[in-house]
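In what follows, a structure is listed as structure tokens, so that the remarks can point back to it.
What follows draws every value from the coordinates through simple rules; no lab data is involved. These figures come from a predicted structure and were not determined experimentally. Every residue, glycine among them, receives a Cβ derived from its backbone with ideal geometry; neighbour counts consider all protein chains shown.
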Amino acid sequence: MSKEFEVLASMRYPGRLIMIGMDSGAHELVVYAVTGRSSSSQARKIAHENSGLWIKPTDEEVLRQGQVDLLIYPAVLFHNGIIVSNGKQTSAIKESFSQKHNAAGLLAHSLREWEYEPDQPTYTPRVSGCVLPGKRAALSIIKRGRRGLSERSYFEVPLEKGRGKLIATYQGENLNPLPAFIGEPHDVSLQGETAEEVAEAVYTALQPPAGEADFRVAVAAVKAINLDANQYEIAVINRWEREEV
């Protein structure tokens, strides 16, 4: 495994994760990855449609064993920029998309009425991100705090060639209940030249140690060719498709 994702490889179960940065050619880059422990979480894929990338079922009967409203959603949407999240808040961010906001301000405005997910006892955090024209980007997390109140954090992401930031729903330990992500987003190195290379590197970093359960569900990488014109190079890896081969 290449060393740029060592921090990710050390996270046994990150849940859902977002990376935002720039590749080695100075193109804006967004990565979204899904891992899941339950059968309903595993029964999903990332589907590329005209409007973006959607989390969809591979087995609707198995999926219904979980909380369907939290399992199916638009993961990445395009609107003269890139919006990404681990839930239906992706659409809310797109609806608020405006050049009047800085990146963190856009997330704060569009997510002001959103809470963490109601999946007791885990209370999965909502992680979101956006990339705007003019080399503006940000990440956010909404998680359960003391007395059940939502704690909201927003992070501006400096877009530098070959560098990025990573945020996840969970801290990385495979525990019950799962500990929410804490602190600021991790620094990552983004050295791949194509979206496919980046997606493969992330998928490999999420590979479990020998003999342990494989929690991988899907990985998508989006490389901006022309952000203003909504021109992107997109690569998607779905574990269920690879296992069918």
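List of remarks:
- Using the Karplus relation 6.51 cos²θ - 1.76 cosθ + 1.60 with θ = phi - 60°, the per-residue 3J(HN,Hα) values for region 80-93 come to 6, x, 10, 10, 9, 6, 9, x, 5, 5, 4, 5, 5, 5 Hz, with x marking Gly and Pro.
- Max mean-square fluctuation residue, GNM over the chain, Cα-Cα springs under 10 Å, options Pro185, Pro158, Pro121: Pro121
- Other-chain or far-sequence residues with amide H under 5 Å of Ala137's (modelled H): Ala103, Leu132, Val157
- The value of relative contact order for the chain, using C-alpha pairs under 8 Å at least six residues apart, is 26 percent.
- Amide H partners (placed H, <5 Å) of Val188, local residues excluded: Gly164, Lys165, Leu166
- Comparing Glu49, Glu28, Glu115 in a Gaussian network model of the chain where C-alpha atoms under 10 Å apart are linked, the largest mean-square fluctuation is found at Glu49.
- Length gained on full extension, Arg37 to Ser10: 8.0 nm, using 0.36 nm per residue less the C-alpha separation.
- Computed over region 1-73, the percent of Cα pairs more than 22 Å apart is 37.
- Burial ordering of Ile20, Ile46, fewest other beta-carbon atoms within 10 Å first: Ile46, Ile20
- For region 62-74, Karplus couplings with θ = phi - 60° (6.51, -1.76, 1.60), whole Hz, Gly/Pro x: 5, 4, 5, 6, x, 8, 4, 4, 9, 9, 10, 5, x
- The amide H of Ala75, built 1.01 Å from its N in the peptide plane, has Leu53, Trp54, Ile55 as neighbours under 5 Å, considering only residues 5 or more places off or on other chains.
- GNM result for the chain, Cα springs below 10 Å: residue of Gln65, Gln120, Gln231 fluctuating most strongly: Gln120
- In a fully extended conformation the segment linking Arg64 and Gln231 would gain 56.6 nm over its present Cα-Cα distance, using 0.36 nm per residue.
- With a Cα cut-off of under 13 Å and a minimum spacing of 8 residues unless on different chains, the lysine pairs in region 3-244 number 4.
- Summing Cβ point charges (Lys, Arg +1; Asp, Glu -1) relative to the Cα centre of the chain gives a dipole of roughly 800 debye.
- Average Cα contact separation per residue, region 83-184, under 8 Å, 6 or more apart, as relative contact order %: 22 percent
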